[in-house]
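Participant: I'd like to ask you about the structure that follows.
What follows is calculated from the coordinates using simple rules that are stated; it is not laboratory data. As the structure is a prediction and not an experimental result, all values here were calculated from the model. Neighbour counts run over all protein chains shown; Cβ positions are idealised from the backbone, glycine included.
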Amino acid sequence: MIAGQSIAQECDPNYENPPCVPIADDVDCASGNGNGPAYVNGPVRVIGRDVYGLDRDGNGIGCENG
């Protein structure tokens, strides 16, 4: 890797980007009390299957409190 170059993060296609919801074993809302290992700052729009359970009330928006 060249100094100053970053690795592009893959985003889960079930969520509108931005913000990027990473592809991981589990993703939790940064403002919640989940145990990760990955976190996302919301809100995020669910455009597919809510594989990480970020949209608890089913209204299509996850991590509504950040």
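Participant: Please count how many residues of region 17-45 are in a loop (DSSP other than H, G, I, E, B) and not small (Gly, Ala, Ser). If you could, list the steps in order and put the result at the bottom.
Facilitator: Filtering region 17-45 for residues in a loop (DSSP other than H, G, I, E, B) gives 17-21, 23-26, 30-37, 41-43.
Cutting the leftovers down to not small (Gly, Ala, Ser) gives us 17-21, 23, 25-26, 33, 35, 37, 41, 43.
Qualifying residue count, region 17-45: 13.
Participant: Report, by residue number, each residue of region 12-57 that is in contact with an Asp or Glu (Cβ under 8 Å, 6 or more places away or on another chain) and at positive phi.
Facilitator: 36 - this is the single residue of region 12-57 that is in contact with an Asp or Glu (Cβ under 8 Å, 6 or more places away or on another chain) and at positive phi.
Participant: Let me ask you something else. Which ones in region 51-62 are under 11 Å from residue 21 (Cα atoms), part of a loop (DSSP other than H, G, I, E, B) and not aliphatic (A, V, I, L, M)?
Facilitator: Passing the criteria: only 52.
Participant: Would you point out the residue of region 46-66, among those that are in contact (Cβ under 8 Å) with a residue 12 or more places away in the chain and loosely packed, with under 14 Cβ neighbours inside 10 Å, that is farthest from residue 12 (Cα to Cα)? Spell out how you get there, then give the answer.
Facilitator: Filtering region 46-66 for residues in contact (Cβ under 8 Å) with a residue 12 or more places away in the chain gives 46-52, 54, 60-66.
Still in the list and also loosely packed, with under 14 Cβ neighbours inside 10 Å: 47-49, 60, 65-66.
On the way: 47: 10, 48: 10, 49: 10, 60: 15, 65: 20, 66: 18 Å.
Filtering first and then ranking leaves 65.
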